[in-house]
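The values are calculated or read from the model by the stated rules, or taken from the named source; none is laboratory data. Keep in mind the model is a prediction, meaning the values are calculated, not measured. Cβ atoms come from the backbone with ideal geometry, glycine included; neighbour counts cover every protein chain shown.
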Amino acid sequence: MQIRKAVLPVAGLGTRFLPATKAQPKEMLPVVDKPLVQYAVEEAAASGIPMVVFVTGRGKQAIENHFDVSAELEQELAGRGKENLRREMRSISGMLRFAYVRQQIARGLGDAILTAHGLVEDEPFAVLLPDDVIMSPIPCVKQMLTIYERYGHSVIAIQRVPKKSVSSYGIIRGRPVPDFDCPGRLFRIEDMIEKPAPSQAPSNLAVIGRYILNPGIWKALTNVVPGAGGEIQLTDGLRRLLAKEPIYGYVFEGERYDAGDKLGFLKATVEIALNRPDLGKAFRRYLQSLDL
Ligand code: UTP
C-alpha cells in the first residue's frame, strides 16, 4: 500500500534549547539558513510523500506561517527585483500539502503520533522527527519505503552507535535478515529497550527519528499505560505492536545529526555549511585559520 502521509510531531517543549525556545519553536531553529523542520519536509517531499501532517502545540504558529504563502513578503521581494528569492519562498509553501492537528499537552511522542490518527486514518504512514537531520544521496525515508514495499511490515530507521552512547537511545535486539540489496543492513526486531545501560544493551543498534508504521500502531498506542509524568512513549507502543506483527529495523545510508542536542546541532551546522556550494569554500578557509 502506498505511503501518502508523513507525520511530523513538533509539539515538544524543546527544553534543551532554552532560552532560545522560550518564544520560538525548537523546530524553527535554523541550520545555516533553513529551519530544522524544513529539512524534514524536504526529505518527505523528495521521498515522494504528497502530504505532511504536523502535530503542533501552543506557541508553534511560526511553523504554520513558514509553510504558508506570505503575499506581503513575496510582493516586497518582487518589488526589489529579487525574483529568485521570491520563487524560493513560494516553493516552500507549494512543496506538498499540509495539515495541522494540535496536541494539547506535550504528553510524549507516542501521544503526539496518536493525535494524528484522525488525519492519517487507517493507512500506513511515515513519521519524521525534525530533530534528526539526515543528509544522504537517497533520502532516508525513500530508502525505508523500498524496504516497506518489499516486506509490507513497519520499518524503523536504526544506526550503529558507540557502545558508551547506547543509554541515550532506544536499542533493538534484532535477527539479521539476508537481503541482497542491502546486505548487513536489515534486521527483524525481536525486542526494544529504552535507554539501557551499556552492560544491559542487547546491541549497539539505536532507533533514530524515522519510521514507517502500519495502522496496527494506533491500537498499540491506545493501549499504552502512561509512564512518569503521564507521558505516552512511542517505544512502549512499538513493543506492543511487535507482540502482534513483525517490525523491521533498517540501517540507513547517510549522515545523521542529532540537532535536538546542542553539540549535535553545532555539528550539523558546521558540516552542512561545509557542504554548501555557496559557503563551503570560504567557511573551510575560516575554520582552517582558527588557532585550535
Ligand atoms: P524531543 O523529546 O526531542 O523534543 O522530541 P522536546 O521534548 O521538544 O525537547 P527537549 O527534550 O525538551 O529538549 C522529538 C520530537 O517530538 C516532538 C518534538 O517537538 C520533537 O520534534 N514531541 C515531543 C511532540 O510533538 N510532543 C511531545 O509530547 C514530545
**Item:** For Asp68: the one exception among (1) more than 12 Å from the ligand (Cβ to nearest atom); (2) outside any loop (DSSP other than H, G, I, E, B); (3) of a type outside the set (A, V, I, L, M, F, W, C); (4) touching a strand residue (DSSP E or B) at 6+ places or on another chain (Cβ under 9 Å)
**Value:** (2)
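A quick yes/no check of all residues on (1) assigned to a helix (DSSP H, G or I); (2) within 16 Å of the ligand (Cβ to nearest atom); (3) touching a residue at least 40 places away in the same chain (Cβ under 8 Å); (4) closer than 30 Å to Asp181 by Cα:
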| position | (1), (2), (3), (4) |
| --- | --- |
| Ile232 | no, yes, yes, no |
| Arg256 | no, yes, yes, yes |
| Ala282 | yes, no, no, no |
| Leu287 | yes, no, no, no |
| Asp291 | no, no, no, no |
**Message:** Quick test for you: out of Ile63, Ile3, Ile49, pick the one residue that is assigned to a helix (DSSP H, G or I) and hydrophobic (A, V, I, L, M, F, W, C).
**Reply:** Ile63
**Item:** Looking only at the stretch 11-24, and only at residues there that are farther than 14 Å from Gly108 by Cβ and aliphatic (A, V, I, L, M), the one that is farthest from the ligand (Cβ to nearest atom)
**Value:** Ala23
**Complete:** Expected single match for of a type in the set (Gly, Ala, Ser) and in contact (Cβ under 8 Å) with a residue 60 or more places away in the chain among Ala201, Ala112, Ala99, Ala197 is Ala112
**Request:** Just give me the residues in the stretch 13-46 being touching a Lys or Arg at 6+ places or on another chain (Cβ under 7 Å), modelled with pLDDT of 95 or more and in a loop (DSSP other than H, G, I, E, B), in sequence order.
**Result:** Pro25, Val32
